[in-house]
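Asker: Structure in structure tokens, see below.
The values are calculated or read from the model by the stated rules, or taken from the named source; none is laboratory data. Keep in mind it's a predicted model, so treat the numbers as computed, not measured. Don't worry about glycine lacking a Cβ; one is built from the backbone with ideal geometry, like all the others, and counts go over all protein chains shown. Surface accessibility is based on the protein's heavy atoms, side chains included, excluding ligands, DNA and RNA. Shrake-Rupley method; radii C 1.70, N 1.55, O 1.52, S 1.80 Å.
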Protein chains: 2
Amino acid sequence: MRGLTAEGEQAAADVFARGSSAVTPRIRPTPYWIALCRSPPDLSRRNMATGSNEEKEASKACPQSSYVKNPHLDSMKEDILYHFNLGTATHDLPAMFGDVKFVCIGGSPWRMKSFIEFISAELQLGDPKADIPNLCAGTDRYSMYKAGPVLSVSHGMGIPSIAIMLHELIKLLHHAHCSDVTILRIGTSGGIGLSPGTVVITKQAVDATFLPQFEQIILGKKVLRSTDLDEKLSEELLQCSRELNEFDTVIGNTMCTLDFYEGQARLDGAFCLYSEEEKQSYLAEAYAAGVRNIEMESSAFAAMCKLSGLQGAVVCVTLLDRRKGDQVTNSHDILNDYQMRPQKLVGHYIRKRLNVPCVASQSTDAFGSCSM
Amino acid sequence: MRGLTAEGEQAAADVFARGSSAVTPRIRPTPYWIALCRSPPDLSRRNMATGSNEEKEASKACPQSSYVKNPHLDSMKEDILYHFNLGTATHDLPAMFGDVKFVCIGGSPWRMKSFIEFISAELQLGDPKADIPNLCAGTDRYSMYKAGPVLSVSHGMGIPSIAIMLHELIKLLHHAHCSDVTILRIGTSGGIGLSPGTVVITKQAVDATFLPQFEQIILGKKVLRSTDLDEKLSEELLQCSRELNEFDTVIGNTMCTLDFYEGQARLDGAFCLYSEEEKQSYLAEAYAAGVRNIEMESSAFAAMCKLSGLQGAVVCVTLLDRRKGDQVTNSHDILNDYQMRPQKLVGHYIRKRLNVPCVASQSTDAFGSCSM
């Protein structure tokens with residue numbers, strides 16, 4: 001086997017501080033999130049993009065992204081974002097995506113369509129009955145929807161699937177000259193020691209040995225990347241849950257595994273060569289290490305947020321308490337209610353960040369989340 | 001970190017020899033693949049299933065599956081195949097799936113729908129214009145279609161996504177009392193040293209250090225599983241390609257990675273901290289180790305075939321030569337033609353196994369694959 005070393009990798013990657021968020025957005029009908037672009041440019045950010053004079057002028061008006069960390073991109077005439085069916089030569093990415101300030105992602109395409117309809121209503125954007133088109137309609141790999149400053153993208157299941165999406169999303173934000181973007185994963189998970197339906201905001205994404213790291217193999221060598229997430233953002237989200245006061249929310253560690261069955265100590269997979277006692281012992285160890293839920297994407301997400309400088313958070317609802325079972329047996333209606341909780345929490349956060357007031361008609365709507 | 005050991009895992013799993021394939025199926029209109037059930041039962045197979053007297057009688061007539069290796073399943077009153085939206089209490093799985101003999105899987109839901117339409121025409125099953133329903137219509141995680149003895153299932157991108165699907169598929173085959181099932185992954189990949197469009201039948205699935213193994217973390221401990229595939233099946237598929245004589249096909253090693261960009265030495269991801277020379281050196285090492293293509297599912301697939309006793313093969317077309325570039329730049333039409341090649345090859349193989357004759361109208365059809 002090739003030598004596996006992990007040195008120097010973190011040092012080689014520039015991770016920059018987030019831009020100022022102390023802005024007061026304007027009220028519509030002028031798109032109010034544009035004001036976020038008018039925050040003082042973060043001079044610590046390296047501008048790796050090249051382009052026409054017009055693009056350079058535009059970048060002065062709105063500080064350009066340095067989310068990518070790849071000098072090779074500069075020499076490419078065209079960049080095809082293959083799994084989005086988008087590209088720099090075929091699409092005007094700055095026009096399509098230049099105003100994006102929030103990216104919300106989740107495994108299921110259906111859930112991400114439901115989220116964009118929800119957030120569009122929450123932000124009072126356009127006709128609530130209008131169909132919002134899938135911007136990745138030419139492919140079935142991912143789905144992508146946009147409403148004002150919010151992009152909603154599906155990422156499939158597991159680290160490889162979310163990693164492909166995030167590589168192409170980060171390049172998209174770069175090509176579109178986006179800045180000050182917050183990215184939020186809204187997902188489902190198995191809980192440990194929590195009532196089903198509890199929402200967990202991830203403090204640290206840990207691996208199956210409870211360490212806060214993400215292991216990748218690059219050029220045949222092992223590389224370990226940090227999975228620290230933005231503590232301030234997590235606290236802001238917890239505060240939003242307190243304001244909503246509709247369901248329990250905790251901050252805890254999230255274990256990210258490569259497998260749903262054996263990798264999460266389930267007894268109900270096609271293969272299982274361990275006992276119920278061994279399962280319980282493993283889950284107890286996880287709980288003692290601060291793990292409150294288990295899912296399959298958070299470590300890659302956290303590592304790529306840290307590497308890119310994107311401000312990110314993971315907000316997942318727990319569908320069951322894994323100490324008490326492995327199968328998801330709740331009714332469709334209960335599961336639907338649970339799956340709405342991260343959407344409500346993140347919707348409330350975005351509305352608060354954008355200072356969108358609650359309108360009377362919303363206070364009694366089905367989502368019940370307009371409680372500011 | 002917990003101690004990581006890999007001992008004893010293989011020994012704990014029973015891997016059984018495949019059943020006899022020396023059968024002569026009957027010709028329709030009686031479903032001809034049912035004859036495959038009448039092959040002599042493989043007495044080396046352990047029957048782990050329990051059930052009613054009727055089920056036990058049925059299992060005598062058609063040897064029952066022992067693809068699962070999990071004693072806990074016996075004590076479950078109900079098994080919910082969550083990501084398929086199917087279950088033993090809600091669906092009559094033996095009636096729905098009991099006659100399945102071939103499972104074809106691929107990443108894209110659209111491609112797997114296209115495949116079931118293709119194979120349905122090849123096997124002259126039903127009205128070619130009839131819409132074949134998605135049997136997982138209640139979920140967007142996977143898509144599943146059936147035509148006669150062939151099941152076509154999508155698996156998403158990456159090892160975690162295919163592993164969830166395979167766990168639930170293997171349980172489905174078990175609950176449906178299927179036997180003598182062959183499973184074929186038909187996918188796309190990046191080639192090394194091959195003309196784009198070449199089809200690679202996987203000899204061994206190797207990891208990013210070129211070793212024929214699949215690493216999993218189970219209860220926090222590292223477990224290494226073998227990724228050997230069925231050599232006889234690979235040779236049979238190569239012979240099918242010779243008979244088709246429409247495109248180049250080779251048998252070679254397939255490198256399976258957890259990441260599409262940095263994990264495959266691409267220069268066009270959001271992050272890249274290595275040079276073109278380092279990339280070329282890594283690909284040259286892979287080539288020297290017998291690697292002819294790179295994808296993201298084969299090692300989990302091979303390990304789970306081996307562990308279950310399912311006879312499996314991986315047939316992927318190469319979309320580009322990775323020594324010459326990273327981006328997929330071919331036209332939509334060329335990519336469509338490439339993506340049909342594994343379908344044609346596997347379609348020819350299934351037709352040959354089932355002894356379905358070519359009809360005159362097919363010999364000139366768009367697929368051009370009825371050349372027996």
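Asker: Quick check on my filter: what residues within segment B:281-305 are within 11 Å of chain A (Cβ to nearest Cβ), not acidic (Asp, Glu) and not in a loop (DSSP other than H, G, I, E, B)?
Answerer: Selection gives B:281, B:282, B:283, B:286, B:300, B:303, B:304.
Yes or no, residue by residue, for (1) of a type outside the set (A, V, I, L, M); (2) farther than 22 Å from residue B:118 by Cβ; (3) touching a strand residue (DSSP E or B) at 6+ places or on another chain (Cβ under 8 Å):
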| residue | (1), (2), (3) |
| --- | --- |
| B:302 | no, yes, yes |
| B:322 | yes, yes, yes |
| B:331 | yes, no, no |
| B:342 | yes, no, yes |
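Asker: Now a separate question. Would you confirm whether any residue within segment A:211-220 is more than 8 Å from chain B (Cβ to nearest Cβ), in contact with a strand residue (DSSP E or B) (Cβ under 7 Å, 6 or more places away or on another chain), buried (at least 24 other Cβ atoms within 10 Å of the Cβ) and hydrophobic (A, V, I, L, M, F, W, C)?
Answerer: Yes, that holds for at least one residue.
Asker: Among the candidates A:140, A:127, which residue alone is touching a Phe, Trp or Tyr at 6+ places or on another chain (Cβ under 7 Å) and surrounded by fewer than 24 Cβ atoms within 10 Å (Cβ to Cβ)?
Answerer: A:140
Asker: Report yes if residue A:211 is of a type in the set (A, V, I, L, M, F, W, C), closer than 30 Å to residue B:282 by Cβ and in a loop (DSSP other than H, G, I, E, B), otherwise no.
Answerer: Spelling it out, residue A:211 is indeed of a type in the set (A, V, I, L, M, F, W, C), closer than 30 Å to residue B:282 by Cβ and in a loop (DSSP other than H, G, I, E, B).
Asker: If you check every pair at least six apart or on different chains, which have Cβ atoms under 7 Å apart with a residue in segment B:65-88 that is within 10 Å of chain A (Cβ to nearest Cβ) and closer than 15 Å to residue A:261 by Cα first and a residue that is part of a loop (DSSP other than H, G, I, E, B) and of a type in the set (Val, Ile, Thr) second?
Answerer: Sorted first by the residue in segment B:65-88, then by its partner, the pairs are B:79/B:88; B:80/A:328; B:80/A:329; B:82/A:328; B:83/B:139.
Asker: What number goes with the only condition from (1) open to solvent by 10 Å² or more (accessible area, probe 1.4 Å); (2) assigned to a loop (DSSP other than H, G, I, E, B) that residue B:269 does not pass?
Answerer: Result: residue B:269 passes all but (1).
Residues are listed down the side, and each one gets a yes or a no for (1) more than 10 Å from every other protein chain (Cβ to nearest Cβ); (2) touching a helix residue (DSSP H, G or I) at 6+ places or on another chain (Cβ under 6 Å):
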position	(1), (2)
A:205	yes, yes
A:209	no, no
A:223	no, yes
A:229	yes, yes
A:234	yes, no
A:238	yes, no
A:248	yes, no
A:257	no, yes
A:260	no, yes
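Asker: When both residues are 6+ apart or on different chains and their Cβ atoms are under 6 Å apart, which pairs have a first residue that lies in segment B:230-254 and is closer than 21 Å to residue B:296 by Cα and open to solvent by 30 Å² or more (accessible area, probe 1.4 Å), and a second that is modelled with pLDDT of 95 or more and not in a strand (DSSP E or B)?
Answerer: Close Cβ pairs (under 6 Å, with a partner that is modelled with pLDDT of 95 or more and not in a strand (DSSP E or B)) amount to B:251/B:234; B:251/B:238.
Asker: Here is a follow-up. Filter segment B:161-197 for residues that are β-branched (Val, Ile, Thr) and open to solvent by less than 10 Å² (accessible area, probe 1.4 Å) and give the result.
Answerer: Correct list: B:162, B:164, B:170, B:181, B:182, B:183, B:186, B:192.
Asker: Let me ask you something else. Could you tell me which residue of segment B:148-158 is nearest to the chain's Cα centre (by Cα), considering only residues that are open to solvent by 10 Å² or more (accessible area, probe 1.4 Å) and either more than 30 Å from residue B:283 (Cα to Cα) or of a type outside the set (Gly, Ala, Ser) (or both)?
Answerer: Looking at the filtered set, the residue picked out is B:157.
Asker: On the given criteria, is residue B:176 within 12 Å of residue B:103 (Cα to Cα) and more than 8 Å from chain A (Cβ to nearest Cβ)?
Answerer: no
Asker: Sticking with this one: Might you check whether a residue that is over 22 Å from residue A:180 (Cα atoms), open to solvent by 20 Å² or more (accessible area, probe 1.4 Å) and either over 20 Å from the mean Cα position of the chain (by Cα) or within 13 Å of chain B (Cβ to nearest Cβ) (or both) occurs anywhere in segment A:91-101?
Answerer: The answer is yes; a qualifying residue exists.
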